[in-house]
Structure formats: C-alpha cells, structure tokens
Amino acid sequence: MPEIFSFCPSGPPWRLEWEAIDRRFEWIRALRGCPQNPRYHAEGDVWVHTRLVCEALIELDEWRALDPSLREDLFVAALLHDAAKPECTRVLPDGRITSRGHARRGALQARRILWRQGVPVERRERICALVHHHMVPLYLRDSERRERQVVGVSQTVRCDHLAILGRADALGRITEDAEELHARHDAYARICREVGCFDRPYPFDDDHQRFLFFRRPDQALGATVAPAGEARVTLLCGLPGSGRRPWAQRYAGAATLIDLDALRRRYDVGAEDNQGAVVAEARCLARDRLQRGADIVWSDTNLSRRLRAHLLDLFAEHEARVRIVYLERDAASWLDGFQRRGEPESTLTSWLDRWEVPDLTEAHELEWRVSSNTPLQVAEVP
C-alpha cells in the first residue's frame, strides 16, 4: 500500500497522527505561515486549517461508514485539498487575501505527489477530482450553470463523497458565516439529488449524448441527438516517453496516423519553438480525412485539458466518434528515463505543470494504459 494511505485512521479511537504527517511530508510543512482571509479562516494559516479539516472529517459518521479504501481516498484528499495555496495565495493592494485557482493547481500538485507515491491511477484520479472540485459545494448555489456543473463533476467523482469532503472543509474553519456555509452545502446536496447524480454518475442515454453535452454549451440535459458519423478518431496522450509510438505501431491499423512528433522532426521544430505550422498541417490533414469519413489516430502529448478541447471541437464538428487512449508509465521508470536523457529540471516542471489526465467528459470512450499496456476501461465513477 502506498505510504500516504497508512496515515488514515482505520478505526476507533480514530486518532489523527498529525505530528507524524507533518514530519513526513514537506508539502504539509509548506502550508505553515500561508495566510488566509480572516473573514472565512479566523482559525489561522493553511496548515492549521488542513489539520482541522482532517480532524473534522474523521469525526463524520458518513465518512466512517464508507469502505476503508474510500475513507483513505477522502482522507488523502483532505490532506491535499489546499496544498497549492502557498503557490496561489496573493495579498491584494486593498489588503484582501486571495488564493484564486488553488483547486485546479492543487489537483495538478496532488497528481504529482500521488504518482511518485505509486498510487494506482484510478485511485489517484479519484483523489485528484476531489481536490479539483472541493470548492463546488461552496459555490454551486451561485452558479448560473449549476446543473451542467454537477453533471460534469459526477462523471469523475461521486458527488456524495465530495459532499463529505465539503462538509469537513466547512467544519475545519472558524468563521462568522458558519451557518451560511452549511446552508450552501445543503443546497449543493439538494441540487445534485434533483439532477439525479448525488450518488452516481448522471445517466446519459448513450456515450454520444454525453460527448456532445460537454462539447455544446447550450445543449439541454437529456436532449435527443443525431447519431455520430462513420469516422473514428483515436486521440493519444500522455507524458513524453509514455509509449505513444509503440501503441500507434501496434494498434493504428488502417487509420491515418497524424504524429506531431514526426512532423516536428520533418520541419526541424523543437519543443520550445513556435508550433503553429506543425499544428496547422496536422489539423488540415485531419479535416481532409474526416470529411471523407476516414479514421485517424492523432498522436501528441496532449497534456492539458484546454489543448485537448480544441481538438475535440474539431472532431465533434465532423461528427466523429472519439476514443482517448491515455498512456502512462510508473513514476520510477519514467523518472529514470528522464534522468538518463539528461534533460533539465525545468523541462520536467513544464510537463508536470500541464499534466491533466483525460476523463469521461472528453470522449465517447476513454482508456487508460499504464506501463504494462494492460487496458483499463474507464466506464463509470466508482
């Protein structure tokens, strides 16, 4: 079992070993001294808040009633939920303190930490989703697109589990607005139940309806959609050196392979150079093949969700069915290869800072292949 899970209390007396956690993890110690808005966090800095959240979590009956592995996941998410605040916290000219963007950055940081710990990808991504969305219960009531938001969350993590983390986050602070916080979390649970995704992923009629819902901002939930076209797209993604080329050689078959690494070599374009010409040629080739109804395999790192979104919009425009194949190697072997190549640490940081693993909101089909190339079909949120 990865070490990080061993710190999760496993039964009565449910004692939090905070001092041991603090000694073991530098990223916990980094929370010391990170200020917070005193209106919402009169308890003190982020280190104090994180400890209080963990203490509150392990006192919740809903948490104790979960299976042990799910208790561990939620506990680790509580440890990590504000891990990026030191990186994101700013003091504004008027004296207010903000940590805007810390949830998304926290998910990226959590992914790196858990990857190095050897946490299996499905558990790791469940924890990262909890970190990424931990603010949703607090702000959902104010959202104009609350229905769409919780449907999206439900495809990556159980909304009732997120509610447990959110409740602990609210309890682990001292604020004059405590009643308002609890009211907001109650509203979150009510909205999820009304939409039908509190304890399960929202049940789309089929994968094409789901795919288009997340590509078309104005598509109503449950709207009938025309069938997908004949063309099939496989989008490969993963950190450099994760095995995209061997996968394409083995599985691309008759599909047209659009390999951006090959195009870069052809035009002598480096990773730090302007990629405009390479991407333009690749997109032009993709449009030509898709207009003919042909299958394509698009191969690149495609690490960020925003970059993938531009490609997915292109594929949806041509009514293609999209499968994402995400490739990954275990941290030890990948980092060993990185060090043997002698690449600078700044390159590693650049890759890991953009590393967002794809989820079911992005494709008709999603497949994770880790090290051994054994497929892990991602069919639903556990």
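The values are calculated or read from the model by the stated rules, or taken from the named source; none is laboratory data. Note that the structure is a prediction, hence the values are computed from the model and not measured. For neighbour counting, all protein chains shown are included, and Cβ atoms are generated from backbone atoms with ideal geometry for every residue, glycine included. Areas reflect the complete protein model, heavy atoms only, side chains present, ligands, DNA and RNA absent. Shrake-Rupley method; radii C 1.70, N 1.55, O 1.52, S 1.80 Å.
In the stretch 43-66, the residues that are farther than 13 Å from I164 by Cα and in contact (Cβ under 8 Å) with a residue 60 or more places away in the chain reach residues that are assigned to a loop (DSSP other than H, G, I, E, B) and open to solvent by 40 Å² or more (accessible area, probe 1.4 Å) with C-beta atoms within less than 9 angstrom, at least six apart or across chains, in these pairs: E43/I174; L52/I174. Checked against (1) more than 26 Å from D273 (Cβ to Cβ); (2) at pLDDT 85 or above; (3) of a type outside the set (S, T, N, Q); (4) in a loop (DSSP other than H, G, I, E, B), E356 passes all but a single condition, namely (1). Right, A252: over 22 Å from W355 (Cα atoms), of a type in the set (A, V, I, L, M, F, W, C), open to solvent by less than 60 Å² (accessible area, probe 1.4 Å) and touching a Leu at 6+ places or on another chain (Cβ under 6 Å) or not? So A252 does not fit the description; no.
Conditions tested, residue by residue: (1) over 30 Å from Q291 (Cβ atoms); (2) buried (at least 20 other Cβ atoms within 10 Å of the Cβ); (3) under 20 Å from the mean Cα position of the chain (by Cα); (4) small (G, A, S).
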| residue | (1), (2), (3), (4) |
| --- | --- |
| E319 | no, no, no, no |
| L327 | no, yes, yes, no |
| L335 | yes, no, no, no |
| W351 | yes, no, yes, no |
| P358 | no, yes, yes, no |
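A Cβ distance below 6 Å, combined with a sequence gap of six or more or placement on separate chains, defines the contacts here; from the stretch 135-156, residues that are without any contact (Cβ under 8 Å) to a residue 60 or more places away in the chain and of a type in the set (G, A, S) reach residues that are surrounded by fewer than 22 Cβ atoms within 10 Å (Cβ to Cβ) and in a helix (DSSP H, G or I) in the pairs S143/Q149. Condition first: touching a Pro at 6+ places or on another chain (Cβ under 9 Å), over 16 Å from T256 (Cα atoms) and not acidic (D, E). Can you find one or more residues in the stretch 269-291 that meet it? Scanning the stretch 269-291 turns up at least one residue that is touching a Pro at 6+ places or on another chain (Cβ under 9 Å), over 16 Å from T256 (Cα atoms) and not acidic (D, E). Quick one: what pairs do we get from the stretch 264-291, first residue free of Cβ contacts under 8 Å to residues at least 24 places away in the same chain and under 28 Å from A320 (Cα atoms), second among the aliphatic types (A, V, I, L, M) and not in a helix (DSSP H, G or I), C-beta under 6 Å, 6+ apart or different chains? Close Cβ pairs satisfying both conditions: V278/V269. Would a scan of the stretch 259-279 turn up a residue that is touching a strand residue (DSSP E or B) at 6+ places or on another chain (Cβ under 6 Å), crowded, with 16+ Cβ neighbours inside 10 Å and not acidic (D, E)? Looking through the stretch 259-279, none of the residues is touching a strand residue (DSSP E or B) at 6+ places or on another chain (Cβ under 6 Å), crowded, with 16+ Cβ neighbours inside 10 Å and not acidic (D, E).
Here's the yes/no breakdown for (1) farther than 28 Å from L138 by Cβ; (2) touching a Lys or Arg at 6+ places or on another chain (Cβ under 8 Å); (3) open to solvent by less than 70 Å² (accessible area, probe 1.4 Å); (4) not polar (S, T, N, Q):
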{"site": "P203", "(1), (2), (3), (4)": "no, no, no, yes"}
{"site": "F214", "(1), (2), (3), (4)": "no, no, yes, yes"}
{"site": "A228", "(1), (2), (3), (4)": "yes, yes, yes, yes"}
{"site": "V233", "(1), (2), (3), (4)": "yes, yes, yes, yes"}
{"site": "L239", "(1), (2), (3), (4)": "yes, yes, yes, yes"}
{"site": "W247", "(1), (2), (3), (4)": "yes, yes, yes, yes"}
{"site": "T256", "(1), (2), (3), (4)": "yes, yes, yes, no"}
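R287 satisfies every condition listed in (1) open to solvent by 70 Å² or more (accessible area, probe 1.4 Å); (2) basic (K, R); (3) at pLDDT below 95; (4) farther than 20 Å from A271 by Cβ except (3).
If a residue must be basic (K, R) and open to solvent by less than 20 Å² (accessible area, probe 1.4 Å), how many such residues does the stretch 122-178 contain?
Of all residues in the stretch 122-178, those basic (K, R) come to 123-124, 126, 141, 145-146, 148, 158, 167, 173.
Still in the running and open to solvent by less than 20 Å² (accessible area, probe 1.4 Å): 124.
The qualifying residues number 1.
Scanning the stretch 167-215 for residues that are touching a residue at least 60 places away in the same chain (Cβ under 8 Å) and assigned to a loop (DSSP other than H, G, I, E, B) gives G172, R173, I174, T175, E176, D177, R200, P201.
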